[in-house]
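What follows is calculated from the coordinates using simple rules that are stated; it is not laboratory data. Owing to the predicted nature of the structure, the values given are computational and were not obtained by experimental measurement. Because the Cβ atoms are built from the backbone with ideal geometry, glycine has one as well, and the counts that use them run over all protein chains shown.
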Amino acid sequence: MGFLRKLWGGRDRSVVLGARDCHCHVIPGVDDGSRSTDESLAILRLLVGDGVRRVIATPHIYPGRFDNEPEDLRPRFDDLLRERDAAGIEVELELGAEHWLDDSLEARVREGRVLAFGPERYLLFETTTGPHVPPQLLQTVHAMVQAGYTPLCAHVERYAYLRDEEGQEVLEDLRAAGARFQVNRTVGKANVPGRGERGRFIAALLERGWLDEVGSDLHRPTPQGRPHSQTTRSPASISA
Ligand SMILES: [Fe+2]
C-alpha cells in the first residue's frame with residue numbers, strides 16, 4: 001500500500017501518479033487529445049519526468065463523437081511505438097481506450113469490440129457527469145464483469161450523481177459489482193483530497209481504500225493537460 005501512503009501522506013496531500021498512468025490521450029489525431037507526433041512525444045516526456053514508467057494510451061471510443069474502433073486504433077498505436085523508439089524515450093506503452101457508456105456499450109462489450117489493458121483486464125469507461133445516474137450503468141458494468149473484464153470508472157470524482165447521499169449507494173453497488181475507481185491526479189487546485197466537493201469525495205474514497213488507480217488524463221503536453229478551448233469552460237462541463 002505504499003502507493004496510497006504516497007497519495008495521502010505526501011507533504012501537499014495531493015493525488016499523484018504511480019509508475020503506471022492509466023488514462024492518457026496520447027495517440028495523435030484520433031480524438032480531442034494529442035494533435036501531432038511532437039505533442040505525443042512531449043506528453044510522454046512530461047510523464048516520464050513525473051516518474052511514470054508505463055503509459056496506457058486511452059483514446060475515446062465514443063459513438064457519434066469519436067467513432068474509433070479497436071482495429072483503427074491499433075495501427076495508430078503502432079505508429080506511436082515507432083516514434084517513441086526513434087525519439088529514445090524510455091517508457092512502456094500499452095493500448096487501451098476510454099469507452100463512453102451509452103446504450104451501445106453493453107453490446108460492444110459482448111462482441112469484444114473494446115480495448116482492455118493490464119493484467120487486471122481493465123476496461124476504462126466514462127459516463128455523463130450530471131446529477132442523474134445513467135440508466136445503463138449497472139447493467140453495463142455487470143456485462144463487463146461477465147465478459148471477463150474489470151470495469152474501471154474513469155475520473156470517478158467527476159460524476160455529480162456519485163457525490164450526493166444517494167450516490168454513495170450507487171458507488172457501493174458499483175463496487176459490489178466488481179468495478180474499480182480511477183481518479184485524476186491533483187493539478188493545481190483541482191482534485192486536492194479533502195478540498196472542495198471533488199476533493200472531499202476523493203478523501204472519502206481514500207479512507208475506504210477505494211482509490212484504485214490514478215490517471216493523468218492528459219490531452220496536451222502541459223501540466224493541466226487540457227485542450228485550450230476546454231480550459232475556459234466550467235469544470236462541470238469539461239468532457240474528458
Ligand atoms: Fe479521458
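Some observations on this one:
- Global form of region 2-219, assessed from the alpha-carbon gyration tensor, a/c cut-off 1.5: oblate
- With at most 10 neighbouring Cβ atoms within 10 Å, loop trypsin sites (Lys or Arg not before Pro) (DSSP) excluded, longest segment of the chain: 12-188
- When the helices of the chain are scored as -39500 (n - 2.57) per DSSP H run of n ≥ 4 and the total is divided over every residue, the value at 222 nm lands at -11000 deg cm²/dmol.
- Here region 128-155 is scanned for amide nitrogen atoms under 11 Å from the site 7 Å beyond the Cα of Glu166 along Cα-to-Cβ, giving 131-134.
- DSSP-assigned coil residues among GluC sites (Glu not before Pro) in region 98-159, each with at most 13 further Cβ atoms within 10 Å: Glu111
- Region 2-219 - percent relative contact order, Cα under 8 Å, separation 6 or more: 22 percent
- Antiparallel beta bridges, as assigned by DSSP with both residues in region 2-219, represent about 10 percent of the total such bridges.
- Segment Glu71-Asp173, length gained on full extension (0.36 nm per residue, minus Cα span): 33.4 nm
- In percent, rounded to a whole number, the relative contact order of region 152-217 is 36, using alpha-carbon pairs under 8 Å and six or more apart.
- Length added when fully stretched, Glu207-Asp50, from 0.36 nm per residue minus Cα-Cα: 54.0 nm
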